[in-house]
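Chemist: Below are the structure tokens for one structure; questions will follow.
The values are calculated or read from the model by the stated rules, or taken from the named source; none is laboratory data. These figures come from a predicted structure and were not determined experimentally. Virtual Cβ from ideal backbone geometry, glycine too; neighbours counted across all protein chains shown.
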Amino acid sequence: MILADIGGTNMRLAVVQDQRANAKLEMIETVSCQSFSSIEEVLASYLSRHNIRPDSLVLAVAADMQGDDVIITNNSWRFQGVSAARACGVSRYMLINDFCAQALAHADLLVPRTMTAKADAPDEMPAHQPAHHSARQIIRAGTARPQTPLLVSGPGTGLGVAALVPVGDDVTVIEGEGGHVSFAARNPTERNILDALQKRWGHVSAERVVSGPGLETIYHIMTDKSDRTAAEIGTAAVAGPGTDRQAVDVLLTAFATVLANAALSFGAGAGIVIAGGIVPKLSALLPESGFFDRLGDHGRRSGFLNALPLYLAVDPHAGCRGAFVAANTVNLAHRWRRVD
């Protein structure tokens, strides 16, 4: 089985040789989306170099999953799932949102016990793959509410949001587009950013601020300079105080607002997993950034938010691991499609 996690900037690929719950990811690679003209080109190159003949494909994509046509929000790729499947020569494939995969990578938080399929029931879906110990860090232990959803969200090239929901002894995922909710400004600095972006875009989504490009936008509005990339701003912010640190603080507090709103909307009593490529690199700045104060500053529901467990996802291959869990999740079995 080929597993692919496709974001706005990078695509991660891996192979699993069987359907066992503890199957190991092999032949892991990360490629820049800009280095290839299409997903079909990436897949053909990957299979050729590794001499692979897969039977199935799971694509976790940073896109709205409606039908078979895929339009990635933050890069130029456009494709059909069946076209990608044919490029691999597989007989079946599955399309899911990238944060569906990110959420499923942490399914063990809701279904901690390992469930094993019966040997005499080959059609029964295998168990969830347990997360390995390096998959996440505990930011705040909190108190999880049993049988409630888990929120998984985080900024990268865009802003992903999903909720993992317990269903008996299994789970399912609400694949949202929470990065495109309206940006909620809560102080003069954020209102100034909102005003500037409204003049350019009209509607200002949370993703316009809480993302890598969003960090560059914050810095530009604060300094009137466009001479730094998000990575450079983040590195300078971690190194010491200054305008870069201030820009990062704005991103982190704005992200806290997104998390609080989503946690309240989903009733995510099981906690919050912070994913994506940005916050793990900035995690040392969370305590002094205003993040925790903002997360809990929501009036009559502040107690709920302040008690939530908080986790930081640190596995760069969580998307591929979650894609494998998706392939083995009963409540997603209807998402498999046959290649004619």
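Chemist: Step by step: first the residues of segment 285-340, then only those that are of a type in the set (Ser, Thr, Tyr) and not in a helix (DSSP H, G or I), then the one that is nearest to residue 170 (Cα to Cα). Which residue is that?
Modeler: 329
Chemist: For segment 137-157, enumerate the residues that are within 28 Å of residue 10 (Cα to Cα), outside any loop (DSSP other than H, G, I, E, B) and of a type outside the set (Gly, Ala, Ser).
Modeler: Within segment 137-157, 137, 138, 139, 150, 151, 152, 155 qualify.
Chemist: Looking at 289, 302, 283, can you tell me which residue is hydroxyl-bearing (Ser, Thr, Tyr) and within 15 Å of residue 137 (Cβ to Cβ)?
Modeler: So the residue among 289, 302, 283 that is hydroxyl-bearing (Ser, Thr, Tyr) and within 15 Å of residue 137 (Cβ to Cβ) is 283.
Chemist: Being in the same structural domain as residue 10 (by TED's automatic domain parsing), over 22 Å from the mean Cα position of the chain (by Cα), more than 28 Å from residue 174 (Cα to Cα) and modelled with pLDDT under 90 narrows it down to one of 121, 87, 117, so name that one.
Modeler: Going through 121, 87, 117 in turn, the sole match is 121.
Chemist: Still on this structure: Looking at this structure, is residue 275 under 16 Å from residue 154 (Cα atoms) and assigned by TED's automatic domain parsing to the domain that holds residue 144?
Modeler: Numbers: under 16 Å from residue 154 (Cα atoms): yes; assigned by TED's automatic domain parsing to the domain that holds residue 144: yes.
When the stated conditions are applied, residue 275 passes them.
Chemist: Across segment 136-165, what is the total count of residues that are surrounded by fewer than 18 Cβ atoms within 10 Å (Cβ to Cβ) and not β-branched (Val, Ile, Thr)?
Modeler: 7
Chemist: Oh, and also: Taking segment 166-194, which residues are acidic (Asp, Glu) and either at pLDDT below 95 or surrounded by 21 or more Cβ atoms within 10 Å (Cβ to Cβ) (or both)?
Modeler: Selection gives 169, 170, 175, 177.
Chemist: I want to confirm something. Restricting to segment 298-337 and keeping residues that are among the basic types (Lys, Arg) and more than 21 Å from residue 280 (Cβ to Cβ), which single residue is surrounded by the fewest Cβ atoms within 10 Å (Cβ to Cβ)? Give the steps one after another, and end with the answer.
Modeler: Of segment 298-337, the ones among the basic types (Lys, Arg) are 300-301, 321, 335, 337.
In the following step, the residues that additionally are more than 21 Å from residue 280 (Cβ to Cβ) were identified as 300-301, 335, 337.
Working: 300: 6, 301: 12, 335: 16, 337: 15.
Checked segment 298-337; the qualifying residue surrounded by the fewest Cβ atoms within 10 Å (Cβ to Cβ) is 300.
Chemist: Is there any pair with a first residue in segment 207-223 that is within 10 Å of residue 197 (Cα to Cα) and a second that is surrounded by fewer than 19 Cβ atoms within 10 Å (Cβ to Cβ) and not charged (D, E, K, R) whose Cβ atoms are under 6 Å apart and which are 6 or more apart or on different chains, and what are they?
Modeler: Filtered contacts from segment 207-223: 221/196.
Chemist: Within segment 69-112, how many residues turn out to be assigned to a strand (DSSP E or B) and not hydrophobic (A, V, I, L, M, F, W, C)? Steps first, answer last, please.
Modeler: The first filter runs over segment 69-112 and keeps only residues assigned to a strand (DSSP E or B), leaving 69-71, 78-80, 92-97.
Cutting the leftovers down to not hydrophobic (A, V, I, L, M, F, W, C) gives us 69, 78, 80, 92-93, 97.
Qualifying residue count, segment 69-112: 6.
Chemist: Same structure, new question: Quick test for you: out of 268, 262, pick the one residue that is buried (at least 24 other Cβ atoms within 10 Å of the Cβ), under 18 Å from the mean Cα position of the chain (by Cα), of a type in the set (A, V, I, L, M, F, W, C) and under 25 Å from residue 138 (Cβ atoms).
Modeler: 268
Chemist: Could you look through segment 5-27, keep only residues that are out of contact with any His (no Cβ under 6 Å at 6 or more places or on another chain), of a type in the set (A, V, I, L, M, F, W, C) and outside any loop (DSSP other than H, G, I, E, B), and pick out the one that is surrounded by the most Cβ atoms within 10 Å (Cβ to Cβ)?
Modeler: 6
Chemist: Mind checking which pairs have a first residue in segment 133-153 that is closer than 25 Å to residue 317 by Cβ and a second that is acidic (Asp, Glu), Cβ under 9 Å, 6 or more apart or different chains?
Modeler: If the second residue must be acidic (Asp, Glu), the pairs left are 134/315; 135/108; 135/315; 136/315.
Chemist: Taking segment 158-196 as the region of interest, how many residues are assigned to a loop (DSSP other than H, G, I, E, B), of a type outside the set (Gly, Ala, Ser) and under 23 Å from residue 109 (Cα atoms)?
Modeler: 2
Chemist: Kindly indicate whether residue 49 is outside any loop (DSSP other than H, G, I, E, B), more than 17 Å from the chain's Cα centre (by Cα) and loosely packed, with under 15 Cβ neighbours inside 10 Å.
Modeler: It is true that residue 49 is outside any loop (DSSP other than H, G, I, E, B), more than 17 Å from the chain's Cα centre (by Cα) and loosely packed, with under 15 Cβ neighbours inside 10 Å.
Chemist: Now for a different question. Give segment 18-31 a look and list any residue that's in contact with a strand residue (DSSP E or B) (Cβ under 7 Å, 6 or more places away or on another chain) and over 13 Å from residue 46 (Cα atoms), or say none.
Modeler: Across segment 18-31, the qualifying residue is only 25.
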